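Written out below as structure tokens is the structure these notes cover.
Read the figures in this text as sums done on the coordinates, not as results from a lab. Keep in mind it's a predicted model, so treat the numbers as computed, not measured. Glycine also receives a Cβ, built like all others from the backbone with ideal geometry; neighbour counts cover every protein chain displayed.
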Amino acid sequence: MQEMINVVIVGGGAGGMEIATKLGHKLGKKNKARVTLIDCAESHVWKPLLHEVATGALDIGIDAISYRGHAAAHGYHFQQGAMTDIDRENKQVILAPILDEDGEELLPARRIDYTYLVIAIGSIANDFNIEGVRDHCVFLDSTEQAMEIRTMLLNKFMRYASHHQLDEKIKIAVVGAGATGVEMSAEMHHAVDQLRGFGYKIDTSLLEVTLIEADQRILPKVEKTEISDSVAKELTAIGVNVRTNTRIDAVTPEGLHTTTEEFIPADMVIWSTGVKAPDFLNEIGGLESNHINQVMVKQNMQTTRDSHIFAIGDCAACPQEDGSWVPPRGQSARQMALMTADNIRLMIDGQQPKHNYVYKDLGSLVNLSKFHTVGNLMSFMGGGVLVEGKIARFVYTSLYRRHLIELHGVFKGTLLMFAKGISRIIHPHLKLH
Ligand SMILES: Cc1cc2nc3c(=O)[nH]c(=O)nc-3n(C[C@H](O)[C@H](O)[C@H](O)COP(=O)(O)OP(=O)(O)OC[C@H]3O[C@@H](n4cnc5c(N)ncnc54)[C@H](O)[C@@H]3O)c2cc1C
């Protein structure tokens with residue numbers, strides 16, 4: 001009897017969830033292979049929406065997708081657990097034990113066999129080993145961290161609103177003015193606006209958000225300076241204090257110290273500078289990795305030292321022909337996922353994984369909550385068309401729409417978008433508990 005082929009995907013995010021769904025349909029449902037998705041969480045939340053989870057604008061009770069339920073409907077299996085290592089000799093992924101809130105072991109450490117392995121565990125904010133960052137900042141890397149920020153923010157707002165300490169502002173610093181930092185800054189102003197609808201005596205004049213960027217402009221990775229300028233103008237109009245050319249070299253419980261020996265006081269610091277792959281990926285299982293722990297892959301997404309192990313998304317370092325590297329984006333993660341699924345199917349059929357990944361930049365869009373959306377669309381009129389307002393907002397949400405359609409099919413995915421739209425009309429715009 002022929003041995004069952006095991007395709008194991010670790011990480012059910014923007015990339016991992018799409019490859020598991022595609023292979024579930026193409027292999028799992030047809031009994032051509034056993035497809036297993038592993039994630040440390042129970043449910044999937046689309047990472048580009050985490051800043052909305054962090055302010056309560058998005059209710060994960062409605063938007064999160066249960067891995068187990070989705071796996072059962074789409075032909076793959078789900079195992080909850082955090083990968084800690086890979087045993088390449090025995091072709092096994094090693095998972096940490098699962099503990100309950102009191103530290104009691106619910107599930108022991110496990111080993112999962114693979115024939116083909118896809119590493120898709122994403123990235124975390126890079127603290128650049130700056131003093132005090134890990135101890136005194138909050139991060140927006142996972143749903144748990146977003147929920148933690150939400151609780152901290154709401155507690156602060158409620159305390160201030162009920163004590164009428166209106167002469168003292170809530171000082172929040174956001175370090176790193178990439179898309180995450182920029183969108184988070186705007187979303188906090190929106191959240192305070194919404195709280196007034198719940199009867200809280202609070203308004204945005206009570207909030208002092210300072211967005212700090214070491215580069216000379218915000219959104220430094222976005223090619224078009226018009227976009228940075230437009231976003232900076234809108235943020236300033238909302239009331240965000242935008243500071244460029246400001247480099248932080250230490251964080252304390254009271255605030256931030258800059259390299260020019262200035263002190264910026266802050267009640268809360270959200271750290272969103274750059275990304276790196278989780279530290280344990282560095283040389284995991286003897287695989288090659290780069291200075292930010294990303295696993296080195298070839299353009300067909302096979303890791304450089306093991307043709308049966310692939311890496312995709314933010315945790316992979318994928319070279320391009322012009323010598324550049326694929327940027328860590330939702331759009332690249334899903335493009336890599338769909339292509340890698342085809343390469344694995346080719347290998348199962350005894351062929352070469354011939355598809356090579358070429359990054360297609362569909363454009364960069366930045367959404368400042370209800371205030372403004374702006375960006376450029378690369379796929380129109382030869383590329384680089386600047387869009388703003390409702391059209392930009394529509395295109396911004398299309399990345400999420402495509403993700404939902406990939407996960408649920410055209411009919412259910414479109415219905416879900418409508419249902420979410422209706423839910424936003426009939427439910428409060430903020431989740432308070
Ligand atoms: C606030 C915010 C806004 C963003 N906006 C945009 C945008 O507008 N456009 C865009 O293109 N990109 C955007 N991004 C970037 C985008 O979210 C990422 O590039 C994308 O999610 C990467 O996909 P991925 O599959 O590599 O990883 P992720 O989507 O991060 O998924 C990683 C998965 O791995 C799991 N995992 C992690 N460690 C382990 C482990 N040890 N064992 C098992 N499972 C593990 C996690 O639970 C998670 O489910 C944004 C990011 C943030 C934070």
query: For the stretch 184-209 and the stretch 99-142, what is the separation of their Cα centres, given in Å?
result: 32 Å
task: Evaluate 2.2 N^0.38 Å with N set to the residue count of the stretch 247-320, then give the Cα radius of gyration divided by it.
output: 1.58
task: For helix 389-408, report the angle its Cα long axis makes with the longest principal axis of the Cα atoms of the chain; keep it between 0 and 90° and round to the nearest 10°.
output: 30 degrees
task: With just the Cα atoms of the stretch 14-124, tell me how far they stretch along each of the three principal axes, in Å, largest first.
output: 45, 37, 24
field: Taking Glu101, Glu18, Glu406 and counting other C-beta atoms within 10 Å, the order from fewest to most
entry: Glu101, Glu406, Glu18
field: Beta bridges by DSSP in the chain, antiparallel share as percent, to the nearest 5
entry: 50 percent
Principal-axis tilt of helix 225-238 within the chain, Cα atoms, nearest 10 degrees: 50 degrees
task: Amide H neighbours of Tyr359 under 5 Å, at least 5 residues apart or on other chains, H built in the peptide plane: list them.
output: none
- request: Could you work out the equivalent-ellipsoid semi-axes for the stretch 190-242, taking the square root of 5 times each eigenvalue of the Cα gyration tensor, largest first, in whole Å?
  value: 28, 11, 8
- line: Put in order of increasing Cβ neighbours within 10 Å, starting from the fewest, Trp271, Trp325 give Trp325, Trp271
- request: Can you give me the three principal axis dimensions of the chain from its C-alpha atoms, in Å, biggest first?
  value: 76, 55, 47
task: Write down the percent of antiparallel bridges among all DSSP beta bridges whose residues are both part of the stretch 128-273, to the nearest 5.
output: 30 percent
message: Rounded to the nearest 20 debye, what is the charge dipole size of the chain about its Cα centre when +1 sits on each Lys and Arg Cβ and -1 on each Asp and Glu Cβ?
response: 1960 debye
- line: Looking only at lysines whose Cα falls under 21 Å of Lys47's and that sit 8 or more positions away or on another chain, we get Lys22, Lys221, Lys276, Lys360, Lys370, Lys412, Lys420, Lys431
task: Take the Cα radius of gyration of the stretch 128-273 and divide it by 2.2 N^0.38 Å, with N its residue count; two decimals is plenty.
output: 1.03
statement: Expressed in angstrom, Rg and Dmax over the Cα atoms of the stretch 306-412 are 16.4, 53
task: Would you work out which of Pro278, Gly132, Ile422 lies farthest towards the positive end of the dipole of the chain? Charges go on Cβ: Lys and Arg +1, Asp and Glu -1.
output: Ile422
